[in-house]
Amino acid sequence: MSELSQKEVLKLISHMTTSARGLIDEPKSYGPFRLIDSTIKLYQTLEKADVIKEKNETDLDEIISELDEIKRECLAEDCQEDCAENLDSIINKLVVELNKEM
């Protein structure tokens, strides 16, 4: 297993912190985009460090791909309902995956 370096953790924390700061002055619709982007970056960081194992047992790669596809749609003010529906669908898939682990 590859180690997760302090630099990689620092980069992720920096991304999330600057995203939080940006949200203060940005439109409300940027919130979902920033959180989805941070989720994807967290996944990529953990994947790179070989923390994510047993990929064949979950659909996590597929879920992350779906998040990546919808993150920009969440920026559009007129697509907030679609964004919410897509996020609800992904949340349901995450619940299924979590229940598999129990």
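With R₀ fixed at 30 Å, the C-beta to C-beta distance from Glu62 to Ala84 puts the FRET efficiency at about 0.90.
The alpha-carbon of Lys100 sits under 15 angstrom from the alpha-carbons of these aspartates and glutamates, leaving out residues fewer than 8 places away in its chain: Glu54, Glu57, Asp59.
Annotation for the range 1-101: GluC sites (Glu not before Pro) lying in DSSP loop with at most 15 further Cβ atoms inside 10 Å of their Cβ are Glu3, Glu54. Using C-alpha pairs below 8 Å separated by at least 6 residues, the relative contact order for the chain is 31 percent.
Of the trypsin sites (Lys or Arg not before Pro) found in the range 67-99, those that fall in a DSSP loop while having at most 13 other beta-carbon atoms within 10 Å are Arg72. In this entry, the chain is assigned a mean projected area of 7.1 nm², taken as a quarter of its C-alpha convex hull surface. Working from label points 7 Å from Cα in the Cα-to-Cβ sense, the Lys100 to Ile13 distance is 3.2 nm.
No lab work stands behind these numbers, since they all come straight from the coordinates. Predicted, not measured: the structure shown is a model, and the values here were computed from it. Here Cβ is always computed from backbone atoms with ideal geometry, including for glycine, and neighbour counts include all displayed protein chains.
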